[in-house]
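Since the structure comes first, as structure tokens, the remarks are kept for the end.
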Amino acid sequence: VTPESLIEVEEVQSLRRRVAVLSVKAKQVYVQSIASLLQALDEKDPYTSRHSRNVASFAERIAHHMGCAEGSVLAVRNAGLLHDIGKVGIPDRILLKPTSLTPLEHAVMQQVPLISARIVDHLRILESERQIIRHQREHYDGGGGPDGMAGDTIPIGARILFVADAFDAMTTDRVYRSRRSIPEAVEELARCAGSQFDPLAVTALRELLDDHYAWWQNRINATTEAFPLLAGAE
């Protein structure tokens, strides 16, 4: 008789499964609690809350299409929801500026991913999301920030989030510029694939658009209808 043979394996496995379920539920409570902070941001910039929901949904679909594990897909979705929460720390005069930003103001906006990551930093249960949020602006060729990571050293969730974020931003009207069509946005992403964006994530988006174009267009249209004052504001 060995010590191992006396262990009730089924009991251990059963308890592990129960702990896993509790862990997922606890994580969602954390995410929902933090997401409630978006309500404060919504008072400053209603567009950002819609943008975050769009990015979360887009990133989730791209991650699924790329074959990411379910846990990774969930982390990407959560990160999409929380990636712009750092805008609560940006002054209204910059966040809501109706014209192009100055270099200094642009530098302030570049701090949003780091502020967002800092907000969730103390929640160890969101470590995967924190890494994705922190590195969401790293460029595939190493020219981005904050750490100059490149290629596959960038967390895959961050690479996916960057593509989803850029796609939603380009296809949405803002007060200082008009939106691009889906083909125009995809063309720009493809042009920057390998430099700014992960080519595989861009390809995944293109394939999803080929298969479900109407869903994406309807989502974009819904955002445009929700914020009519942005359309043609110039």
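The values are calculated or read from the model by the stated rules, or taken from the named source; none is laboratory data. Since this is a predicted model, take the numbers as computed values, not measurements. Glycine also receives a Cβ, built like all others from the backbone with ideal geometry; neighbour counts cover every protein chain displayed. All accessible areas refer to the heavy atoms of the entire protein, side chains included, with ligands and DNA or RNA removed. Shrake-Rupley method; radii C 1.70, N 1.55, O 1.52, S 1.80 Å.
Brief remarks follow.
- Considering residues of region 183-201 that are outside any helix (DSSP H, G or I) and not small (Gly, Ala, Ser) only, the residue most open to solvent (accessible area, probe 1.4 Å): Gln196
- Of the residues making up region 57-71, those that are modelled with pLDDT under 95 and either in contact with a Gly (Cβ under 7 Å, 6 or more places away or on another chain) or open to solvent by less than 50 Å² (accessible area, probe 1.4 Å) (or both) number 0.
- Residue in region 152-175 that is farther than 21 Å from Val112 by Cα, touching a helix residue (DSSP H, G or I) at 6+ places or on another chain (Cβ under 9 Å) and open to solvent by 50 Å² or more (accessible area, probe 1.4 Å) present: yes
- Answer residue from region 72-119, given it is among the charged types (D, E, K, R) and more than 22 Å from Arg177 (Cβ to Cβ) and is least open to solvent (accessible area, probe 1.4 Å) among those: Arg77
- Of the residues making up region 127-141, those that are within 14 Å of the chain's Cα centre (by Cα) and either open to solvent by less than 50 Å² (accessible area, probe 1.4 Å) or without any contact (Cβ under 8 Å) to a residue 40 or more places away in the chain (or both) are Glu129, Arg130, Gln131, Ile132, Ile133, Arg134, His135, Gln136, Arg137, Glu138.
- Any hit, region 163-182, residues being without any contact (Cβ under 8 Å) to a residue 24 or more places away in the chain, part of a helix (DSSP H, G or I), within 22 Å of Leu74 (Cβ to Cβ) and out of contact with any strand residue (DSSP E or B) (no Cβ under 8 Å at 6 or more places or on another chain): no
- Where helices (runs of 4 or more DSSP H) fall entirely within region 5-78, those with at least 2 residues that are under 19 Å from Ala201 (Cα atoms) and in contact with a Ser or Thr (Cβ under 7 Å, 6 or more places away or on another chain) are at 46-65.
- Qualifying residue in region 210-225 (condition: part of a loop (DSSP other than H, G, I, E, B), open to solvent by less than 10 Å² (accessible area, probe 1.4 Å), touching a Lys or Arg at 6+ places or on another chain (Cβ under 9 Å) and within 19 Å of Asp84 (Cβ to Cβ)): no
- All positions within region 147-162 that are more than 16 Å from the chain's Cα centre (by Cα) and assigned to a loop (DSSP other than H, G, I, E, B): Asp147, Gly148, Met149, Ala150
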